[in-house]
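A.B. asks: What follows is a single structure, and I will ask about it in a moment.
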Amino acid sequence: MSEVLLEAKAVAKHFGGVQALREVSLSIRRGEIYGLIGPNGAGKTTFFNCMTGLYVPDGGGFVFAGAPLLADAPHRAAERGIARTFQNIRLFGNMTALENVMVGRHVRTGAGIFGAMFQNAATRAEEAAIRQKADDLLHYVRIEERADDLARNLSYGDQRRLEIARALATDPKLLCLDEPAAGMNATETAELRELIDGIRSDGTTVLLIEHDVKLVMGLCDRVAVLDYGALVIEDVPAVVQKDQRVIEAYLGA
Amino acid sequence: MTSRFFRSAVGIGLLAVALIALPFVAALGGQAWVRILDFAILYIFLALGLNIVVGFAGLLDLGYIAFYAVGAYTWALLASPHFGLHLPIWVILPIGASLACLAGVVLGSPTLKLRGDYLAIVTLGFGEIVRIFLNNLNAPINITNGPQGITLIDPVAFGSFKFSGTTQIFGLALSGPQKYYYLLVTLAILVVVINLRLQHSRIGRAWQAIREDEVAAKAVGINTRNIKLLAFAMGASFGGIAGGIFSAMQGFVSPESFSLIESIMVLSMVVLGGMGHIPGVILGAVLLSILPEALRYGIGPLQTAVFGKMLVDPESLRMLAFGLALVLVMRFKPAGLWPSPTRQRELAEAKS
Ligand SMILES: Nc1ncnc2c1ncn2[C@@H]1O[C@H](COP(=O)(O)OP(=O)(O)O)[C@@H](O)[C@H]1O
Ligand SMILES: [Mg+2]
């Protein structure tokens, strides 16, 4: 429980004059659900983007599972075991739900051009396994009946679930969710909570950015608060909730 | 289930009979029509190659004909009196395909960070550079023979069986173009099968994912750079093979055959037919290669019949008709004449 999976070391990032991240250091332990909260524009998404290689930090860096993460190599992050969803859902809209998840298997499979052309036994077996796994994952997030629908025709809640299924298809050690409950009603949020809890029980560490404070405080083992790009506090929910700086910066507002 | 199987078996049977009979039907109108048929199939080949780049991976390539040129000149230089080399097909075609593939990688590596219009401009420039090279590589050492091109190129041959000239088989006289037809149809079927298999493979899905959302594709671990490069390399290899056959079939190549308009032609076939949809691309290639020829042969006599003399040069009317057809199709069928069901649905929804 106490082994560190991801460590951020003084990560800094600015956009022109905006200091989006000010030397943020935090550590996520294997097996926990870790919450990252903060007001709009606090730098939460930027933190995700730096970690997953979409942005190159100006300073600092990340250590993941004992080895540094390369900046500017998004596909490497997934290879190493970091999967993510996006605040503004990014699915492959004109592919079916099943195909979306199948794409998620890309990084854990290896068939190339020649396998595709000659359809040898190994390629066919791999393809069947990809399909099976994708099917299982659609069941796991409970949208199996939408398997053959185009991703962009799914309801908002189902799209969020599909994005999680696609991320899980990469066999992540760490699953990063960027405001998964945004726009969901109370029932959907409760179901999402159950799903996230299940994912953790099945052995995947979860990093959760969320606006819904109640959800975060109830679900997370530890919580970090960002404000104006700086880390305010990192502790268990009970302590964070009572912290004066947090109440001023965020909860009280 | 069985009746569907039976029906598709009958369908394939009929198609096979039609494909076998076609060159004899075309020959009724003269060998010129068989040659037009040959070129139609060569264009199917080319269009399907470009479809991998444009249709599957969503990368706009305006210099595709350069790879065709590489393949064509490879054959011309390795099987003609120009260097006195006469290598067999199973040596030349792999070399041609590899060189074209290499050219694809050379073009792709520095440009794959670009998207859309920018990529189009760079590839357009690349196509022209290759053509200009071919035009000027006759001094100080004469490699390509410059604008005069290379003549007396060996035809395709398997052992002593040559594809040029007439041969008697089972009491049937087969002309050169007719023999090439069967070779080309065989190759085209192969390319269709490869295209279909690629489309529904791990790599094909990765191409589509990149086309849909490159950032999301990266986030699930697709090395977008390499996968895009793969599309370039694959498309280029097909272009190289088509170029080799072109060279052998013509017996003559010159840089003129590889101008920008040819790239645009092949791209039009892909777009007009239905980007990313293999049957559509085939339809586009057939229409755009045969209709202009039909017009060429139809317009002249028609004018003389109606007006008693030639009023407008058939060649310019042909291009006018071609342009008009393009505009009309893009206006009324923007997804192409035969788009994939998904794409069709997409546009229908966008309209409503
Ligand atoms: N690509 C970008 N270009 C310029 N500014 C950006 C970019 N991404 C984020 N920012 C800025 O960085 C700050 C933090 O943004 P973000 O990380 O999205 O906040 P959060 O996710 O916590 O709401 C904001 O002021 C935002 O405007
Ligand atoms: Mg955000």
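The values are calculated or read from the model by the stated rules, or taken from the named source; none is laboratory data. Treat the numbers as computed from the prediction; the structure is a model and nothing was measured. All Cβ positions, even for glycine, are placed from backbone atoms using ideal geometry, and neighbour counts span all protein chains on display. Calculation scope for accessible area: heavy atoms of the full protein, side chains included, ligands and nucleic acids excluded. Shrake-Rupley method; radii C 1.70, N 1.55, O 1.52, S 1.80 Å.
A.B. asks: Give the range A:202-246 a look and list any residue that's hydroxyl-bearing (S, T, Y) and out of contact with any Lys or Arg (no Cβ under 6 Å at 6 or more places or on another chain), or say none.
C.D. replies: Once the filter is applied, which keeps residues that are hydroxyl-bearing (S, T, Y) and out of contact with any Lys or Arg (no Cβ under 6 Å at 6 or more places or on another chain), the range A:202-246 yields A:T204, A:Y228.
A.B. asks: Could you tell me whether B:A79 is touching a Leu at 6+ places or on another chain (Cβ under 8 Å), open to solvent by less than 40 Å² (accessible area, probe 1.4 Å), under 15 Å from B:G239 (Cβ atoms) and aliphatic (A, V, I, L, M)?
C.D. replies: no
A.B. asks: Also, I was wondering about something else. Of all residues in the range B:110-136, which are outside any helix (DSSP H, G or I) and either hydrophobic (A, V, I, L, M, F, W, C) or within 19 Å of B:Y68 (Cβ to Cβ) (or both)?
C.D. replies: B:L112, B:L114
A.B. asks: Give the range A:65-79 a look and list any residue that's more than 16 Å from ligand 1 (Cβ to nearest atom) and within 24 Å of B:A206 (Cα to Cα), or say none.
C.D. replies: A:L69, A:L70, A:A73, A:H75, A:R76, A:A77, A:A78, A:E79
A.B. asks: Further, regarding this structure: Restricting the range A:93-116 to residues that are at the interface with chain B (Cβ under 7 Å from one of its Cβ atoms) and among the polar types (S, T, N, Q), which is nearest to A:A65 (Cα to Cα)?
C.D. replies: Here the answer is A:T109.
A.B. asks: Restricted to the range A:117-128, and to residues that are in a helix (DSSP H, G or I) and within 11 Å of another protein chain (Cβ to nearest Cβ), which residue is surrounded by the fewest Cβ atoms within 10 Å (Cβ to Cβ)?
C.D. replies: A:F118
A.B. asks: Go through the residues of the range B:160-176 one by one and say whether even a single one is assigned to a helix (DSSP H, G or I) and farther than 18 Å from B:G243 by Cβ.
C.D. replies: Yes, the conditions are met somewhere in the range B:160-176.
A.B. asks: Please verify whether A:K13 is under 18 Å from the mean Cα position of the chain (by Cα), within 16 Å of ligand 2 (Cβ to nearest atom), charged (D, E, K, R) and more than 13 Å from chain B (Cβ to nearest Cβ), treating the condition exactly as stated.
C.D. replies: No: the conditions fail for A:K13.
A.B. asks: Turning to a different aspect of this structure: For residues that are within 16 Å of ligand 2 (Cβ to nearest atom) and more than 11 Å from every other protein chain (Cβ to nearest Cβ), tally how many sit in the range A:148-177.
C.D. replies: 2
A.B. asks: What is the one condition in (1) within 13 Å of another protein chain (Cβ to nearest Cβ); (2) open to solvent by less than 40 Å² (accessible area, probe 1.4 Å); (3) within 16 Å of ligand 2 (Cβ to nearest atom) that A:R90 does not satisfy?
C.D. replies: The number of the failed condition is (2).
One line per residue, one yes/no per condition, for (1) part of a helix (DSSP H, G or I); (2) within 16 Å of ligand 2 (Cβ to nearest atom); (3) open to solvent by 10 Å² or more (accessible area, probe 1.4 Å); (4) on the phi > 0 side of the Ramachandran plot:
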| position | (1), (2), (3), (4) |
| --- | --- |
| A:G60 | no, no, yes, yes |
| A:A71 | no, no, yes, no |
| A:R76 | yes, no, yes, no |
| A:E79 | yes, no, yes, no |
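A.B. asks: Out of the residues in the range A:25-64 that are away from ligand 1 (no atom under 16 Å from the Cβ) and more than 16 Å from the chain's Cα centre (by Cα), state the one that is farthest from the other protein chains (Cβ to nearest Cβ).
C.D. replies: Of everything passing the filter in the range A:25-64, A:S25 is farthest from the other protein chains (Cβ to nearest Cβ).
A.B. asks: Mind checking which residues of the range A:159-168 are in contact (Cβ under 8 Å) with a residue 40 or more places away in the chain and either out of contact with any Pro (no Cβ under 9 Å at 6 or more places or on another chain) or open to solvent by 20 Å² or more (accessible area, probe 1.4 Å) (or both)?
C.D. replies: A:Q159, A:L162, A:A165, A:R166, A:A167, A:L168
A.B. asks: Right, another one. Is it the case that B:A305 is open to solvent by 60 Å² or more (accessible area, probe 1.4 Å) and assigned to a helix (DSSP H, G or I)?
C.D. replies: yes
A.B. asks: Failed condition for A:G66, given (1) open to solvent by 60 Å² or more (accessible area, probe 1.4 Å); (2) in contact with a Gly (Cβ under 7 Å, 6 or more places away or on another chain); (3) of a type in the set (G, A, S), with all others met?
C.D. replies: For A:G66, the exception is condition (2).
A.B. asks: Which one of these is at pLDDT below 85 and either within 19 Å of the chain's Cα centre (by Cα) or at positive phi (or both): B:G96, B:G84?
C.D. replies: B:G84
A.B. asks: Of all residues in the range B:191-223, count the ones that are farther than 16 Å from A:A116 by Cβ and within 7 Å of chain A (Cβ to nearest Cβ).
C.D. replies: 9
Here's the yes/no breakdown for (1) without any contact (Cβ under 8 Å) to a residue 60 or more places away in the chain; (2) touching a Leu at 6+ places or on another chain (Cβ under 8 Å):
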| site | (1), (2) |
| --- | --- |
| B:V122 | yes, yes |
| B:G127 | no, yes |
| B:P140 | yes, no |
| B:N145 | no, no |
| B:A157 | no, no |
| B:S164 | no, no |
| B:G171 | yes, no |
| B:L174 | yes, no |
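A.B. asks: Hey, could you check the range A:16-48 for residues that are within 10 Å of ligand 2 (Cβ to nearest atom) and loosely packed, with under 15 Cβ neighbours inside 10 Å and say which is nearest to A:G60 (Cα to Cα)?
C.D. replies: Checked the range A:16-48; the qualifying residue nearest to A:G60 (Cα to Cα) is A:G41.
Table: residues versus (1) closer than 22 Å to A:A65 by Cα; (2) touching a Pro at 6+ places or on another chain (Cβ under 8 Å); (3) among the hydroxyl-bearing types (S, T, Y).
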residue: A:A129; (1), (2), (3): no, no, no
residue: A:K133; (1), (2), (3): no, no, no
residue: A:L150; (1), (2), (3): no, no, no
residue: A:E179; (1), (2), (3): no, no, no
residue: A:A190; (1), (2), (3): no, no, no
residue: A:I196; (1), (2), (3): yes, yes, no
residue: A:I199; (1), (2), (3): yes, no, no
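A.B. asks: Could you tell me whether B:M249 is touching a helix residue (DSSP H, G or I) at 6+ places or on another chain (Cβ under 7 Å), at pLDDT 80 or above and closer than 20 Å to B:L62 by Cα?
C.D. replies: For B:M249, the condition - touching a helix residue (DSSP H, G or I) at 6+ places or on another chain (Cβ under 7 Å), at pLDDT 80 or above and closer than 20 Å to B:L62 by Cα - is not met.
A.B. asks: Which is within 30 Å of A:G93 (Cα to Cα), in a helix (DSSP H, G or I) and open to solvent by less than 10 Å² (accessible area, probe 1.4 Å), of B:L198, B:L229?
C.D. replies: B:L198
Residue-by-condition table, conditions (1) among the small types (G, A, S); (2) farther than 30 Å from B:R131 by Cα; (3) at pLDDT 90 or above; (4) within 24 Å of the chain's Cα centre (by Cα):
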| position | (1), (2), (3), (4) |
| --- | --- |
| B:V192 | no, no, yes, yes |
| B:R202 | no, yes, yes, no |
| B:A209 | yes, yes, yes, no |
| B:E212 | no, yes, yes, no |
| B:A217 | yes, yes, yes, no |
| B:S237 | yes, no, yes, yes |
| B:V253 | no, no, yes, yes |
